[in-house]
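Since the structure comes first, as structure tokens, the remarks are kept for the end.
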Amino acid sequence: AALDDLAREGYVVRRRGSGTYVQHPKISQELTITSFSDDMRRRGMVPGSRTMSMSTILAGARLGRSLNVSPSEQIVVVKRLRLADGESMAIETLHIPEALVPGLTPKALTGSFYDLLRDHYGVKIAEGIQAIEPTVTNEEESEVLGVPLHSPAFLFERTSRDDAGRTVEFVQSVYRGDRYRIVTELSRRDP
């Protein structure tokens, strides 16, 4: 009964045919615009990043709409593994108009992308729209994140704008479901 309680509260995880294991505490994701790096530092963890790939493509219709640019505009696509205390937490795919980040290199992407935008390119993220939905990991995501195939995950899709209202990024991130939970603060307003 005690193990059932611990499993319900998320302190242990049971694996059929294998046993019961201590579960890392889940990280609460508050719904504000903050960088992954700042979020992890605020929780007392050391953020990290490993660039998995970086390429330049034409925006096309879908990304052009998401980034509010012409379909023929060049877009930088960066796929990064995000780490906390050396442990994989998420796979992040950034889409940024190349004109905003001339000369961007994988070496420059080891820390916070928002800090890099602000300090090197003079672009400050001011607002955004984010959608979150449950999903499961595919083969590549499972391997990179170090979780079993079809593990629960969260898919975050965010479009961010700067102070002038210019669309700066479209990001798709797959976060490990065993390490995250979504927390929202609610208030009621009279009609």
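Give, rounded to the nearest 20 debye, the magnitude of the charge dipole that the chain has about its Cα centre when Lys and Arg contribute +1 at Cβ and Asp and Glu contribute -1 at Cβ.
Numbers: 25 positive and 26 negative charges, 29 e Å.
Charge dipole of the chain: 140 debye, to the nearest 20.
From the helices alone, meaning DSSP H stretches of at least four residues, give me the mean residue ellipticity at 222 nm for the chain, per-run term -39500 (n - 2.57), in deg cm²/dmol to the nearest 500.
It comes out at -5000 deg cm²/dmol, rounded to the nearest 500.
Mind checking which of Ile125, Asn138, Leu149 is farthest towards the positive end of the stretch 98-191's charge dipole, using Cβ charges of +1 (Lys, Arg) and -1 (Asp, Glu) about the Cα centre?
Ile125
Using a Gaussian network model on the chain with a 10 Å cutoff between Cα atoms, which of Arg82, Arg50, Arg62 fluctuates the most?
Answer for the Gaussian network model of the chain: Arg62.
Suppose every K and R has +1 on its Cβ and every D and E has -1 on its Cβ; what is the size of the dipole of the stretch 97-191 about the Cα centre, in Debye to the nearest 20? Spell out each step's value before the answer.
On the way: 11 positive and 16 negative charges, 64 e Å.
Dipole about the Cα centre, nearest 20: 300 debye.
Rounded to the nearest 0.05, what FRET efficiency do Asp85 and Asp190 give with R0 = 30 Å and r taken as the Cβ-Cβ distance? Could you check? Could you put the intermediate results ahead of the total?
Values: r = 44 Å, r/R0 = 1.48.
Efficiency computed from Cβ-Cβ geometry: 0.10.
So if I restrict to the alpha-carbon atoms in the chain, what is the Rg, and what is Dmax, the biggest pairwise distance, in Å?
So, for the chain, Rg and Dmax equal 18.4, 61 Å respectively.
Give the carbon-plus-sulfur fraction of the accessible surface of the chain in %, rounded to a whole number; probe 1.4 Å, heavy atoms of protein chains only. Walk me through the intermediate numbers first.
Details: 5610 of 11160 Å².
Exposed carbon and sulfur together represent 50 percent of the surface.
For the chain, what does the accessible surface come to per residue with a 1.4 Å probe? Please give it in Å².
Values: 11160 Å² over 191 residues.
Value returned for the chain: 58 Å² of accessible area per residue.
Under a 10 Å cutoff between Cα atoms, tell me which one of Val12, Val147, Val77 has the largest fluctuation in the Gaussian network model of the chain.
Answer for the Gaussian network model of the chain: Val12.
With the crude spin-label approximation of a point 7 Å out along Cα→Cβ, what separation in nm comes out for Thr93 versus Arg43?
2.3 nm
The values are calculated or read from the model by the stated rules, or taken from the named source; none is laboratory data. Since the model is a prediction, treat every value here as computed from it, not as a measurement. Using ideal geometry, Cβ is built from the backbone for each residue, glycine included, and neighbour counts are taken over all protein chains shown. Heads up: the accessible areas ignore ligands, DNA and RNA and are worked out on the full protein's heavy atoms, side chains in. Shrake-Rupley method; radii C 1.70, N 1.55, O 1.52, S 1.80 Å.
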